[in-house]
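To keep things clear, I will list the structure first and then write my remarks on it.
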Amino acid sequence: MNWMKVCEQVCELAREVGGFIRSESGKVQALEIETKYKNNFVSYVDKKAEALIVEGLKTIIPDAGFIVEEGTVEETKAEWQWIVDPLDGTTNFLHQLPSYAVSIALRGGDETVLGVVYEINKKECFSAYKGGIARVNEQQIFVSKTSELKGSLISTGMPYYDFEILDEYMCFLKHLVKNSGGIRRYGAAAVDLCYVACGRYDAFFEHSLSPWDVAAGAFIVQMAGGHVSDFQGDQDYIFGRRILATNELIYNEFLGLSRQYLCTSIRKTEL
Ligand code: IPD
Ligand code: CA
Ligand code: CA
């Protein structure tokens, strides 16, 4: 497969569908918003965007399977599988806050081979493919060179429906507030990951994310020289709902803290 060509086609599709999403900003009426579960919303914009993406991806690799957030196509297993979040940052979109994105990854077996995240309002297309480089639009990107937590800018997603590790999370946050250069909650996990990839953030972590939130962005971080794992340092971050991503230099320090603060309930279950 010519991954460079596939990546160009996916970027073009993400830009096209991103244009549709942008054109709907501010138009969604309250009655058109459904609650999927606590604090988790969806409108016709997410669904139509997903249908357009699925239709487009089918023309790129006709026999690939899909994992999609909004269920517009049945989940299927195949040699190649697309993982799609048509609109990452729905709450931002519905509140007319600027950051939301299209996120598309392609996996074969257990390996991601391509990731595209298009941040719609900034018109920035982050992408990477196996054997290539990580880019934003045409420019190569790299993770930051910050070498310690002190002074580093950390991004996270605060829990809003799953409070399983809320106490641990708040203790960790307190440590980070006191010992880092600052914390951001941007509201779009795929974008958070790409900002680690291009060095705007030094680290990102979040609990309870789904494969479509992280598959593309995590791959882009790795291709930009960063580290990605779950909170314990294992590789189950796409389906395992716990992810941390950092530049190369602060990974060990950050992982040590994540083990200390965020893995206490896991340790209790193991005892
Ligand atoms: C959400 C965003 C948000 C994160 C949530 C995700 P959605 O995705 O990435 O930043 O905190 O957990 O579910 O629902 O807007 O696609
Ligand atoms: Ca998402
Ligand atoms: Ca979404």
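The values are calculated or read from the model by the stated rules, or taken from the named source; none is laboratory data. Just so it is clear, the structure is predicted and the values come from calculations on it, not from any experiment. Methodologically, a virtual Cβ is constructed for each residue, glycine included, from the backbone with ideal geometry; neighbour enumeration extends over all protein chains shown. Areas reflect the complete protein model, heavy atoms only, side chains present, ligands, DNA and RNA absent. Shrake-Rupley method; radii C 1.70, N 1.55, O 1.52, S 1.80 Å.
Simple rule: put +1 on each Lys or Arg Cβ and -1 on each Asp or Glu Cβ in region 167-266, find the dipole, and look at Thr246, Val221, Tyr186; the Cα lying farthest toward the positive end is Tyr186.
Measuring only protein heavy atoms, the 1.4 Å probe finds Met170 accessible over about 100 Å². Here the contact order of the chain, divided by its residue count and restricted to Cα pairs under 8 Å and six or more residues apart, works out to 17 percent. Separation of region 166-182 and region 225-248, taken as the distance between their Cα centroids, equals 18 angstrom. For Glu69, the residues whose modelled amide H falls within less than 5 Å of its own, excluding neighbours fewer than 5 places apart on the same chain, are Val84. Projecting label points 7 angstrom from Cα along Cα→Cβ for His175 and Thr76 puts them 4.6 nm apart. With a Förster radius of 22 Å applied to the C-beta separation of Ser208 and Leu97, the computed FRET efficiency comes to 0.60. Helix 166-179 axis versus longest C-alpha principal axis of the chain: approximately 70°, rounded to the nearest ten. With the largest listed first and rounded to whole Å, the semi-axes of the equivalent ellipsoid of the chain from the Cα gyration tensor are 28, 21, 18.
Hey, if you drop one equal point scatterer on each alpha-carbon of region 153-254 and run the Debye formula without solvent, what base-10 log of I(q)/I(0) do you get at q = 0.10, 0.11, 0.16 Å⁻¹? For region 153-254 at q = 0.10, 0.11, 0.16 Å⁻¹, log10 I(q)/I(0) is -0.22, -0.27, -0.60. The mean sequence separation of alpha-carbon pairs under 8 Å and at least six residues apart, normalised by the residue count of region 3-140, gives a relative contact order of 23 percent. Charge dipole of region 6-122 (Cα centre as origin; +1 on each Lys and Arg Cβ, -1 on each Asp and Glu Cβ, all else neutral): 400 debye, rounded to the nearest 20.
For the pair Ile33 and Glu164, a Förster radius of 22 Å applied to the C-beta separation gives a FRET efficiency near 0.25, rounded to the nearest 0.05. Over region 5-146, the Kirkwood radius and the radius of gyration, each from Cα atoms, give a ratio Rg/Rh of 0.98. Over 29 Å between Cα atoms, which of Lys58/Lys130; Lys130/Lys150; Lys5/Lys145 qualify? Result: Lys130/Lys150; Lys5/Lys145 exceed 29 Å.
Note on the chain: helix-only mean residue ellipticity at 222 nm, from DSSP H runs of 4+ residues weighted -39500 (n - 2.57) and normalised by residue number, equals -11500 deg cm²/dmol. In the chain, a dipole from Cβ-located charges (positive for Lys and Arg, negative for Asp and Glu) runs towards its positive end, and of Phe142, Val102, Ile83 it is Phe142 whose Cα lies farthest in that direction. Dipole check for the chain: with +1 at the C-beta of Lys and Arg, -1 at the C-beta of Asp and Glu, and the Cα centre as origin, the magnitude is about 760 Debye. Between 0 and 90 degrees, rounded to the nearest ten: what's the tilt of helix 251-262 against the longest Cα principal axis of the chain? Tilt of helix 251-262: around 80 degrees.
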